[in-house]
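S.K.: One structure, pasted below without further comment.
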Amino acid sequence: MSEHLWSMTRRQFLGNFYTGLAGIGLADLFAAEDGWQPGRGQTHHPARARRVLQIFCPGAASHLDLWDHKPALAKHAGKALPGEEKLVSFQGANGGLFPSPWKFRPAGQSGKMISSMLPHMARHADDIAFIHSMTSKTNTHGPGCIFMNTGHAVEGFPAAGAWLGHALGSANENLPAYVAIPDIRGEPPNGKANWSNGFLPARHQGIVMAAHEPIRNLTGPRDLTDKEREATGGLLDFLNRRHATVDPGNSELQARITAYELAGKMQLSAPQVMNLAGETATTHKLYGTDDSNTLKAAYARNCLLARRLLERGVRYVNLYCASRASGADGALNWDAHKTLQKDYERHIPIFDQPTAALLTDLKQRGLLRDTLVLWTTEFGRMPTQQAGTPGRDHNPDGFTCWLMGAGIQGGTSYGATDEFGRRAVDKVTTVWDLHATVLHLLGFDHTRLNWRHNGLDRRLTDVHGSVIPDILV
């Protein structure tokens with residue numbers, strides 16, 4: 001090959017060069033004819049869902065005390081976990097089997113057993129598909145959270161919402177495609193990495209909005225007239241475009257320009273979407289926005305904001321209930337190592353009514369027909385007591401997530417943990433399977449939604465993942 005290259009005349013080289021360019025053009029044409037190009041609202045196949053609401057309870061919410069009924073825990077309370085009598089987990093040794101402090105009750109026509117601490121959520125049992133065999137590859141909160149959100153347990157990868165913004169673009173030019181709503185108690189473990197754009201263009205990162213945190217600097221200077229403001233905007237646009245032309249490969253620069261343009265549009269749209277005062281008194285009562293529990297009221301207002309964002313075309317909303325760990329386990333999130341009953345009797349009432357109200361509101365407005373709802377947490381908890389405490393340690397080997405809405409077969413339970421809830425044993429499921437299913441409902445083949453980075457075709461599902469057909473309509 002090299003000898004042939006050196007023996008070519010200048011005329012032969014140029015002839016082959018242009019032939020090669022034609023081949024590149026044809027390859028690009030064929031690629032376009034293959035159907036899909038990102039960011040243009042196109043999908044690989046007809047979509048069931050147009051948008052996603054992901055409700056995240058950081059701290060590893062216990063499946064055994066919320067959704068996964070295990071009568072054997074009461075029957076064998078205090079006994080060692082069979083086969084793991086000397087188990088040492090994340091924070092040390094484990095004691096005997098620990099039944100839930102609360103009774104489980106049948107809910108809906110399906111008779112799904114749900115904790116009696118969740119009376120409002122129980123009303124939606126027949127619309128939910130529970131995955132009881134979820135697993136994680138880590139038992140640490142930070143990596144667990146970003147694994148659930150990005151498909152990777154290390155930082156630097158795009159979140160699911162960033163992938164969707166890349167794939168579909170925005171449905172509302174005046175609002176972001178991807179919004180993260182952190183809890184009033186703070187950001188989740190690993191913070192902004194949970195809604196990062198990773199190696200995708202920076203414009204795809206999640207934009208933080210919350211009812212308790214008004215967006216700053218939306219109001220322009222009062223001494224500027226509309227004409228002056230329009231002229232200033234025109235000059236900025238000219239300068240931005242010139243900079244972009246000079247440095248076309250600078251993703252951060254392009255994202256900053258896009259962000260400023262979006263910020264200008266949001267001067268009108270954001271105050272409207274964040275103004276909850278226009279909602280009816282009935283709606284506020286449904287959510288509990290004026291509840292005497294200030295944490296519950298704050299989360300309720302975030303739930304109401306989530307609905308307002310979804311109905312205005314935001315593609316992906318991350319809604320968090322609780323925050324990162326604190327000096328006292330379980331004080332700010334669901335990480336109940338030492339005092340499970342006390343911690344969950346604080347957290348569950350904050351979560352139950354507002355979340356159920358959001359689902360009810362989406363359903364009443366017809367939004368659930370094309371909105372996919374996910375409930376997630378980073379991993380589960382042990383069926384045993386953490387040694388010397390009335391709490392549970394981390395358990396990545398079997399826990400629960402659930403889905404509801406567009407394309408989901410409600411009133412179903414998929415997979416199972418063993419009789420004690422220790423490990424997934426039936427239809428074992430991964431985060432990648434969950435993401436593959438979400439993308440499928442959004443109209444995408446997860447193996448084809450990728451981005452070339454450092455010589456690899458990266459994707460949300462890494463090199464794994466299978467759609468879960470049993471939970472689909």
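S.K.: Tell me which of these residue 386 doesn't satisfy, since it passes every other one: (1) at negative phi; (2) surrounded by fewer than 22 Cβ atoms within 10 Å (Cβ to Cβ); (3) out of contact with any Gly (no Cβ under 6 Å at 6 or more places or on another chain).
M.R.: Residue 386 satisfies all of (1) at negative phi; (2) surrounded by fewer than 22 Cβ atoms within 10 Å (Cβ to Cβ); (3) out of contact with any Gly (no Cβ under 6 Å at 6 or more places or on another chain) except (2).
S.K.: Considering every residue within segment 415-431, establish whether at least one is crowded, with 24+ Cβ neighbours inside 10 Å, assigned by TED's automatic domain parsing to the domain that holds residue 151, in a loop (DSSP other than H, G, I, E, B) and on the phi > 0 side of the Ramachandran plot.
M.R.: Yes: one or more hits.
S.K.: Related question: For residue 414, are the conditions met, namely being of a type in the set (Phe, Trp, Tyr) and either out of contact with any Ser or Thr (no Cβ under 9 Å at 6 or more places or on another chain) or farther than 21 Å from residue 110 by Cα (or both)? First the steps, then the outcome.
M.R.: Values: of a type in the set (Phe, Trp, Tyr): yes; either out of contact with any Ser or Thr (no Cβ under 9 Å at 6 or more places or on another chain) or farther than 21 Å from residue 110 by Cα (or both): no.
Taking the combined requirement at face value, the residue does not satisfy it.
S.K.: Oh, and also: Keeping to segment 285-332, report how many residues are part of a loop (DSSP other than H, G, I, E, B) and either among the aromatic types (Phe, Trp, Tyr) or within 17 Å of the chain's Cα centre (by Cα) (or both). Full working, then the answer.
M.R.: In the first step, residues of segment 285-332 are kept if they are part of a loop (DSSP other than H, G, I, E, B); the result is 288-293, 312-315, 321-332.
Narrowing further to those that are either among the aromatic types (Phe, Trp, Tyr) or within 17 Å of the chain's Cα centre (by Cα) (or both): 313-315, 321-324.
Counting residues in segment 285-332 that are part of a loop (DSSP other than H, G, I, E, B) and either among the aromatic types (Phe, Trp, Tyr) or within 17 Å of the chain's Cα centre (by Cα) (or both) gives 7.
S.K.: Looking only at segment 357-407, how many residues end up being closer than 22 Å to residue 114 by Cβ, of a type in the set (A, V, I, L, M) and within 18 Å of the chain's Cα centre (by Cα)?
M.R.: Total satisfying the criteria: 9.
S.K.: Just wondering, is there one or more residues in segment 131-151 that are within 21 Å of residue 308 (Cβ to Cβ) and assigned by TED's automatic domain parsing to the domain that holds residue 398?
M.R.: Going through segment 131-151, the residues within 21 Å of residue 308 (Cβ to Cβ) turn out to be none.
Within segment 131-151 (the criterion being within 21 Å of residue 308 (Cβ to Cβ) and assigned by TED's automatic domain parsing to the domain that holds residue 398), the answer is no, since none of the residues qualifies.
S.K.: Can I ask one more? Could you say which residue among 336, 270, 298, 357 is in contact (Cβ under 8 Å) with a residue 24 or more places away in the chain, among the small types (Gly, Ala, Ser) and in contact with a His (Cβ under 7 Å, 6 or more places away or on another chain)?
M.R.: On the way: 336 fails: in contact with a His (Cβ under 7 Å, 6 or more places away or on another chain); 270 fails: in contact with a His (Cβ under 7 Å, 6 or more places away or on another chain); 357 fails: in contact with a His (Cβ under 7 Å, 6 or more places away or on another chain).
Of 336, 270, 298, 357, the one residue that is in contact (Cβ under 8 Å) with a residue 24 or more places away in the chain, among the small types (Gly, Ala, Ser) and in contact with a His (Cβ under 7 Å, 6 or more places away or on another chain) is 298.
S.K.: Still on this structure: Taking only segment 106-131 into account, find how many residues are buried (at least 16 other Cβ atoms within 10 Å of the Cβ) and in a strand (DSSP E or B).
M.R.: Counting residues in segment 106-131 that are buried (at least 16 other Cβ atoms within 10 Å of the Cβ) and in a strand (DSSP E or B) gives 9.
S.K.: If I ask for residues that are touching an Asp or Glu at 6+ places or on another chain (Cβ under 8 Å) and in a loop (DSSP other than H, G, I, E, B), which ones from segment 186-196 would you list?
M.R.: Answer for segment 186-196, where residues must be touching an Asp or Glu at 6+ places or on another chain (Cβ under 8 Å) and in a loop (DSSP other than H, G, I, E, B): 189, 190, 196.
S.K.: From the set of residues in segment 309-333 that are among the hydrophobic types (A, V, I, L, M, F, W, C) and free of Cβ contacts under 8 Å to residues at least 40 places away in the same chain, which is surrounded by the most Cβ atoms within 10 Å (Cβ to Cβ)? Please lay out each step first, then the result.
M.R.: Residues of segment 309-333 that are among the hydrophobic types (A, V, I, L, M, F, W, C), as a first pass: 309-310, 314, 317, 319, 321-322, 325, 328, 331-332.
Add one more test, that the residue is free of Cβ contacts under 8 Å to residues at least 40 places away in the same chain, and what stays is 328, 331.
Details: 328: 12, 331: 17.
That would be 331.
S.K.: When you go through (1) under 25 Å from residue 42 (Cα atoms); (2) out of contact with any helix residue (DSSP H, G or I) (no Cβ under 7 Å at 6 or more places or on another chain); (3) without any contact (Cβ under 8 Å) to a residue 60 or more places away in the chain one by one for residue 441, which number turns out not to apply?
M.R.: The single condition residue 441 does not satisfy is (3).
For every residue, the table says whether it meets (1) of a type in the set (D, E, K, R); (2) in contact (Cβ under 8 Å) with a residue 24 or more places away in the chain; (3) surrounded by fewer than 23 Cβ atoms within 10 Å (Cβ to Cβ); (4) farther than 30 Å from residue 411 by Cβ.
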{"site": "79", "(1), (2), (3), (4)": "yes, no, yes, yes"}
{"site": "88", "(1), (2), (3), (4)": "no, no, yes, yes"}
{"site": "102", "(1), (2), (3), (4)": "no, yes, yes, no"}
{"site": "134", "(1), (2), (3), (4)": "no, yes, no, no"}
{"site": "140", "(1), (2), (3), (4)": "no, yes, yes, yes"}
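S.K.: Also, quick follow-up: If a residue must be touching a helix residue (DSSP H, G or I) at 6+ places or on another chain (Cβ under 8 Å) and modelled with pLDDT of 70 or more, how many such residues does segment 262-280 contain? Give the steps one after another, and end with the answer.
M.R.: Start the filter on segment 262-280 by keeping residues that are touching a helix residue (DSSP H, G or I) at 6+ places or on another chain (Cβ under 8 Å), which leaves 264, 273-274, 276, 279.
When the remaining residues are screened for being modelled with pLDDT of 70 or more, the result is 273-274, 276, 279.
Summing the residues that are touching a helix residue (DSSP H, G or I) at 6+ places or on another chain (Cβ under 8 Å) and modelled with pLDDT of 70 or more in segment 262-280 gives 4.
S.K.: Within segment 420-438, track down each residue that is farther than 15 Å from residue 373 by Cα, touching a residue at least 60 places away in the same chain (Cβ under 8 Å) and of a type outside the set (S, T, N, Q).
M.R.: The answer is 420, 421, 422, 424, 425, 426, 427, 428, 431, 432.
Residue by residue, here is whether (1) touching a Pro at 6+ places or on another chain (Cβ under 6 Å); (2) part of a helix (DSSP H, G or I); (3) crowded, with 17+ Cβ neighbours inside 10 Å; (4) outside the structural domain of residue 323 (by TED's automatic domain parsing) holds:
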{"residue": "174", "(1), (2), (3), (4)": "no, no, yes, no"}
{"residue": "198", "(1), (2), (3), (4)": "yes, no, yes, no"}
{"residue": "203", "(1), (2), (3), (4)": "no, yes, yes, no"}
{"residue": "231", "(1), (2), (3), (4)": "no, yes, no, yes"}
{"residue": "238", "(1), (2), (3), (4)": "no, yes, no, yes"}
{"residue": "241", "(1), (2), (3), (4)": "no, yes, no, yes"}
{"residue": "244", "(1), (2), (3), (4)": "no, yes, no, yes"}
{"residue": "253", "(1), (2), (3), (4)": "no, yes, no, yes"}
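Residue by residue, here is whether (1) at pLDDT 95 or above; (2) touching a Ser or Thr at 6+ places or on another chain (Cβ under 7 Å); (3) of a type outside the set (Phe, Trp, Tyr); (4) over 26 Å from residue 439 (Cβ atoms) holds:
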| site | (1), (2), (3), (4) |
| --- | --- |
| 97 | yes, yes, yes, yes |
| 101 | yes, no, yes, yes |
| 104 | yes, yes, no, yes |
| 129 | yes, yes, yes, no |
| 143 | yes, no, yes, no |
| 184 | yes, no, yes, yes |
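The values are calculated or read from the model by the stated rules, or taken from the named source; none is laboratory data. Computed from a predicted structure; not experimentally measured. Virtual Cβ from ideal backbone geometry, glycine too; neighbours counted across all protein chains shown.
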